[in-house]
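Heads up: the structure comes next, in structure tokens.
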Amino acid sequence: MRSRIRGLSLILAGLVAVSSFFLWPTSSANSVKRRDIDSQDVFTPAHSTVLDSVREFIGWRETSVQPLAFTHHKHIENQITCTACHKGVNQGPSAGIPDVNVCMRCHTFFAKDRPEIKKLTRIFESGQDIPWQRVYGFSPSAHVKFNHAPHIHAGVDCAVCHGDVKDMTVAVRAVNLNMGFCLSCHRAKQVSTDCVTCHF
């Protein structure tokens, strides 16, 4: 019964999104534009289109396309730990995404002839950083404040939330980090499920 209701909800959401292109004006004096929202100093749950609202409501995300085919599998096989590249993960909220200088500490010497390392070297020589695309994250309207450090200190393995990256080449969103997922883990470990633990 639940799956039928969810299916009908998705169909209805899709119909609303499609109809918005034909029935609702895309520009008017009262419409909210994304650039206006992004330039504000206050939070707003407004979306630039109805389709954006529907996407957030059903949790739909585009697949991240990375600038380099970074292989987690190969690095883990060479005994490089998560914390070697994701600096700060055990000290604060952010896992930190390695910049080009971190990569070049090794790849100045290793695997220099491989196509992806040649791309990496060109990025490094251009003085730019690698434009990695975010794989995980929460929508702004979720008001989630996630902190990696306490999870690491509690012995929560990275794979619990990020999937088994040792079997991945390019990182993919392997786990649906919704409230149900987080609450079930918190309950199993008998830690706080109070709203303000995760939300602000």
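Read-outs: derived from the displayed coordinates by stated rules, not from any lab. Quick caveat: nothing in here was measured; it's all calculated off a predicted structure. Every residue, glycine among them, receives a Cβ derived from its backbone with ideal geometry; neighbour counts consider all protein chains shown.
Odds and ends about this structure:
- Modelled label positions at ALA149 and ILE76, each set 7 Å beyond Cα in the direction of Cβ, lie 2.6 nm from each other.
- Here segment 90-200 yields Rg over Rh of 1.05, to two decimals, using C-alpha coordinates and the Kirkwood radius.
- Cross-link table LYS87/LYS145; LYS166/LYS189; LYS87/LYS118; LYS87/LYS166, entries beyond 22 Å C-alpha to C-alpha: LYS166/LYS189; LYS87/LYS118
- Using a Förster distance of 30 Å, the FRET efficiency for GLU56-LYS119 (Cβ separation, nearest 0.05): 0.35
- Sorted from longest to shortest, the spans of the Cα atoms of segment 39-150 along the three principal axes equal 49, 32, 27 Å.
- Using C-alpha pairs under 8 Å with a sequence gap of at least 6, the mean separation divided by the residue count of segment 52-104 gives a relative contact order of 18 percent.
- Stretching the chain fully between ALA142 and ASP99 yields a gain of 12.7 nm (0.36 nm per residue, less the alpha carbon separation).
- Fewest-first ranking of ILE117, ILE97, using other Cβ atoms within 10 Å as the exposure measure: ILE97, ILE117
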